[in-house]
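Some notes on the structure that comes next.
Rule-based calculations on the coordinates, nothing more; no lab input. The structure displayed is predicted, hence computed values, not measured ones. Note that we place each Cβ from the backbone using ideal geometry, even for glycine, and neighbour counts take in every protein chain shown.
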């Protein structure tokens, strides 16, 4: 049986780290909202939505058009696409309402990343 663990930390980032976190949250929100619009348009036109793979291919093209998407963690952007796909799957199964656009004014701002190539490390009382 696979056991997943989650940790919740309170962090105190410096100015540079805080800027990078805010950029990542903003880019994740931008990608989510952009592909939500695209997904809704395709759904209205054809009656079927997009897939994660189709959106992922378009994300690489979008990164070429919008250079500031390259500054942030690519795993966070892919995770926002996964969240969008999951939201639509739940909507089609009638488990949830239709996905809504993410807002900058929402109190809860977050993004998801994964441990890849040693990008996250805990040493003593510090997270790197």
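Averaging Cα coordinates gives a centre for the stretch 34-64 and one for the stretch 65-128; these two points are 17 Å apart. Rounded to the nearest 500, the helix-only mean residue ellipticity at 222 nm of the chain stands at -17500 deg cm²/dmol, with each DSSP H run of n ≥ 4 adding -39,500 (n - 2.57).
When you count the other C-beta atoms within 10 angstrom of each residue and take the mean per peptide, 26-33, 62-69 line up highest first as 26-33, 62-69.
How many times 2.2 N^0.38 Å is the alpha carbon radius of gyration of the stretch 2-66?
Values: Rg = 16.6 Å, N = 65, 2.2 N^0.38 = 10.7 Å.
Its radius of gyration relative to the 2.2 N^0.38 Å reference: 1.55.
Let me know the whole percent of all Cα-Cα pairs from the chain that are separated by more than 20 Å. Cα-Cα pairs of the chain separated by over 20 Å account for 53 percent.
Its residues counted as N, the stretch 32-103 yields a C-alpha radius of gyration over 2.2 N^0.38 Å of 1.12. Give me the angle, in degrees from 0 to 90, between the Cα long axis of helix 74-92 and the longest principal axis of the Cα atoms of the chain, rounded to the nearest 10. The helix 74-92 is inclined about 40 degrees to the chain. Could you work out the percent of alpha carbon pairs in the stretch 63-128 separated by over 18 Å, rounded to a whole number? That fraction is 58 percent.
Sorting the segments 95-106, 73-84, 36-47 by their mean number of nearby beta carbons within 10 angstrom, highest to lowest, gives 73-84, 36-47, 95-106.
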